[in-house]
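Below you'll find the structure, written out as structure tokens, and then a few comments.
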Amino acid sequence: MIRPRITGTGSALPEKVRTNFDLEKMVDTSDEWIVARTGIRERRIASEGEYTSTFATLAAQRALEAAGVCAEEIDLIVVGTLTPDFPFPATACIVQQNLKAVNATCFDLSAACSGFIYALATAEKFIVSGSVKKALVIGAEVLSRIVDWTDRNTCLLFGDGAGAVVLEAVEGENGILSSHMHSDGNYWEILYQKGAGSRYPATHQNVDDRMVFLSMQGNEVFKLAVRAMGEVALEALQANGLTSDDVSLFIPHQANQRIVDSVGKRLGIGGDRVYVNLDRYGNTSAASIPIALDEAVRAGRLKEGDILLLDAFGGGLTWGASLIRW
Ligand code: UT7
């Protein structure tokens, strides 16, 4: 049978590091508080002249190289992002230009921190339908440009970067086993960017009122994330007649070490089987899972036939999981 299979991964991060000690000089916080409450020690921050498309393109180039696929072979580029270069055109089109992926259909997908899982599921459906053979699926963010660096409740959490995978129609049993996506619009106001859209355009007044920055009710998001990520992971396992004992590697969205631990505990997956890099990068939203996946692949953490569980949660609310036989 034909399955959509990840044949190459790549990631790209800004060089500039902002540590918790740097943040101590910017807002009323401490390294001790941040590490205890989130697990984050440092994050990467884009420099002037670096955009979401910069990291998306680099990650994509690395994924293409790993897969041994050239850009002209790509039929589809989907970028999951909440920080596109521009409201339009799609960042995917800018990536297409950079890569010279002349045969690709390109669009962005808005599902906040679940953006990569949603994009992967979307590309999967195109491949299963037979209309696409090779796709580039990218999660990319420059969150530092919508974070309020005077707000200690949010500024310490987020970072910039991108991850990408090449997804191909491949004969055999290995590949994406199933994808599961959910949304609950009743909670859109607990995690969103108020200004700069059609409801509150970027007028002088709205910018002065700090509406262009991300706002979040952290406690609420935390509770809902733990529950939803646990449920959707179990749903993915059950759909395939598997249990958490079968999972070789669990890559959750990298938002907060306490969320990762709570979800892992609910699922009975801990220790070495959970991949964590949020201590180094913070929450990179749609980029977090593909960056972690690329690191895991390059560190030799996945071998053929392993069961890989990806699990995300974000604004919308949106959440989803993908179960993969590597
Ligand atoms: O990608 C999905 C989106 N985001 C997330 O998944 C994030 C989900 N939420 C979280 O990760 C956590 O809720 C936070 C890390 C944002 C906050 O942690 P918390 O344990 O929920 O802290 P809290 O908001 O309940 O605040 C506890 C205390 C408060 O002081 P009092 O009222 O107890 O005196 C805050 O004022 O910590 C204080 N506080 C801080 N102290 C030092 C809040 N932020 C800070 C800070 N430094 N940066």
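Laboratory data are not the source of any read-out in this text; all were calculated from the coordinates shown. The structure displayed is predicted, hence computed values, not measured ones. Cβ placement follows ideal geometry from the backbone for every residue including glycine, while neighbour counts extend to all protein chains displayed.
At-a-glance table
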| read-out | value |
| --- | --- |
| Distance (nanometres) between label positions extended 7 Å along Cα→Cβ at LYS223 and PHE86 | 4.3 |
| Amide proton proximity set for GLY8, modelled H, under 5 Å, gap of 5+ | VAL166 |
| Shape category assigned to the chain from the gyration tensor of Cα positions, a/c cut at 1.5 | oblate |
| Centre separation in Å (Cα based) which lies between the stretch 146-175 and the stretch 105-122 | 10 |
| Segment ASP148-ASN240, length gained on full extension (0.36 nm per residue, minus Cα span) | 28.9 nm |
| Simple label model, 7 Å out from Cα along Cβ direction - SER110 to GLU173, nm | 4.3 |
| Given 14 as the ceiling on other Cβ atoms within 10 Å, longest exposed-site-free region of the chain for trypsin sites (Lys or Arg not before Pro) in DSSP loops | 101-198 |
| Modelled label reach - ARG210, point 7 Å along Cα→Cβ, the stretch 262-284 residues with backbone N closer than 11 Å | none |
| Calculated diffusion of the stretch 57-209, Stokes-Einstein form, Kirkwood radius summed over Cα pairs, 20 °C and 1.002 mPa s, µm²/s | 127 |
| Value at 222 nm in deg cm²/dmol, rounded to 500, when DSSP H runs of n ≥ 4 in the chain each add -39,500 (n - 2.57) | -9500 deg cm²/dmol |
| Segment LYS125-MET26, length gained on full extension (0.36 nm per residue, minus Cα span) | 31.1 nm |
| Compactness of the stretch 143-251 - radius of gyration and Dmax, Cα, Å | 19.0, 57 |
| Protection proxy ranking of 216-222, 290-296 - average other beta-carbon atoms within 10 Å, highest first | 290-296, 216-222 |
